[in-house]
Amino acid sequence: MDGKSNPKTVALVEWTPAGHHRTYFAAFAAALVKIGARVVPFCPWPDELPELLADHHDGEHSGRLEKAERLYWPTASWVRPLWLRKRLASMKHFRDLGKSLESWERKSGVKVDLVFFSCIYDRDFEHFGLGQRFFSKPWAGLYLDCRAFRRPGSSHPSTGKVPHPEELFSLPGLHAVATLDEGSVNKVSALAGGKPAVWFPDVADTRISESASPEAGLGAKLQAFTRGRKLVGCIGHLQKSKGVLELIRAANDPAMEETCFAFVGEVNWYSFTDEEKSEVLAAWESHPRIFVYPLRVPDGPRLNSAVRACDVIAAPYLDFTNSSNMLTKAAVFSKPVVVNDGYLMAERVRDYNLGEVVPEGDQNSLVAALAALGHGTSKWSSNEARWSDFLKMHSQEKLQDSFHKLLNWDTP
């Protein structure tokens, strides 16, 4: 069809208000508009969407971007037992979405051709099938968990459950599935019964601001703290699986006595045992070379100022099979990274020479890699890093290509 005269309409849906969800949502909206779709955004922060779009959209074709509709996460129920509560919540979840879609169609006189879920987690879509009686639109989405493709049969460390995406992918109305794992596209398609599976780049918000507000000044605070010493950064949502304990122990190693460490981001204390929490707090409260900002920092200029201030980005995530756009951010600011071996992030670091890969659980190797990168004694060289190639692969232009393949619609 001719997208200029009769564009297809995509309802872009996101419930989760924080973290990378805003970045993906804005990037997806911009890419869809660019390739010719009419986009109806449903999200928790409609008033903030124009600002979020600034890093991804030049304003061209903005007439195809409809006014964003507010979408709330359903209020928690106290129905017992728990299994029934979850099922009822899911039914309400998708019933409310169905009502919102119908309301928009009535007001606009335009039919929604496809619903695209910008982030699909197993926990949120576990009972999607129960809600489909209220939700009859063709749908697609970005399935985030790569565990079922990388380590099939293994349980998720935060839930203890084994992912079964084939159950979700077998539901009626599925148009296509997107994945951030370039090595698993064929596996995803097979689990989806041969439906199209498309790789999506892991885009990042790369905005920088020179604002003098306290949070935007994190980079300046970090530089003042280091007083010329090298800085290793652990940045984002801080939890045990991000290697927080290993990095605290690295800070105490004699090999790191001239290196500072920064822990920036909201802390998930539930991921630590009481003993581990005590170890973290003791180090954060007393270590002279550890800088801590244990509050949520929105993705964008504030977070990026911290990334830019670091000499090394530490991402030794534990049992982490997924993608992370921290690699994209590190590449934007030409920062080497340290990751654990055995997973998708390690493959990318090796393929594009983005830093060092260490065996998971090997504390000595982690310390050696951090020290070598920080002090320029590593075999890794910034001259050989393929940062620009990596950024081309994880760009807004590549995202447009991916959406074009996923939708399989004629566009302007």
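Remarks
- Subset of region 127-160 [in a loop (DSSP other than H, G, I, E, B) and more than 20 Å from residue 187 (Cα to Cα)]: 127, 135, 136, 137, 138, 157, 158, 159, 160
- If you filter region 92-145 down to residues that are over 22 Å from residue 9 (Cα atoms) and among the basic types (Lys, Arg), you find that the one that is surrounded by the fewest Cβ atoms within 10 Å (Cβ to Cβ) is 123.
Residues checked against (1) in contact with a Cys (Cβ under 9 Å, 6 or more places away or on another chain); (2) at pLDDT 75 or above; (3) closer than 20 Å to residue 302 by Cβ; (4) among the small types (Gly, Ala, Ser):
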{"site": "16", "(1), (2), (3), (4)": "yes, yes, yes, no"}
{"site": "32", "(1), (2), (3), (4)": "no, yes, no, no"}
{"site": "39", "(1), (2), (3), (4)": "no, yes, no, no"}
{"site": "44", "(1), (2), (3), (4)": "no, yes, yes, no"}
{"site": "48", "(1), (2), (3), (4)": "no, yes, yes, no"}
{"site": "56", "(1), (2), (3), (4)": "no, no, yes, no"}
{"site": "68", "(1), (2), (3), (4)": "yes, yes, no, yes"}
{"site": "77", "(1), (2), (3), (4)": "no, no, no, yes"}
{"site": "89", "(1), (2), (3), (4)": "no, yes, no, yes"}
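- Inspection of region 338-346 finds a residue satisfying the criterion of being at pLDDT 95 or above, touching a Ser or Thr at 6+ places or on another chain (Cβ under 8 Å) and outside the structural domain of residue 148 (by TED's automatic domain parsing).
- Hey, residue 293 hydroxyl-bearing (Ser, Thr, Tyr), under 23 Å from residue 201 (Cα atoms) and touching a Gly at 6+ places or on another chain (Cβ under 8 Å) or not: no
- Tallying residues that are touching a residue at least 24 places away in the same chain (Cβ under 8 Å) and either assigned by TED's automatic domain parsing to the domain that holds residue 325 or farther than 10 Å from residue 323 by Cβ (or both) within region 177-198 yields 12.
- Taking the numbered list (1) in the same structural domain as residue 127 (by TED's automatic domain parsing); (2) touching a strand residue (DSSP E or B) at 6+ places or on another chain (Cβ under 7 Å) in turn, residue 235 passes all entries but (1).
- Residues (over 16 Å from residue 72 (Cα atoms) and modelled with pLDDT under 90) located in region 91-124: 121, 122, 123
- Among the residues making up region 237-264, none is at pLDDT below 95 and at positive phi.
- Complete set of residues in region 365-400 that are of a type in the set (Gly, Ala, Ser), more than 24 Å from the chain's Cα centre (by Cα) and crowded, with 16+ Cβ neighbours inside 10 Å: 365, 368, 369, 371, 372, 374, 378
- Helices (runs of 4 or more DSSP H) wholly inside region 267-374 containing at least 1 residues that are under 16 Å from residue 394 (Cβ atoms): 301-309, 326-332, 344-352
The values are calculated or read from the model by the stated rules, or taken from the named source; none is laboratory data. Small disclaimer: the values here were computed from a predicted structure and weren't measured. Reconstructed Cβ throughout: ideal geometry from the backbone, glycine too, with neighbour counts over all protein chains shown.
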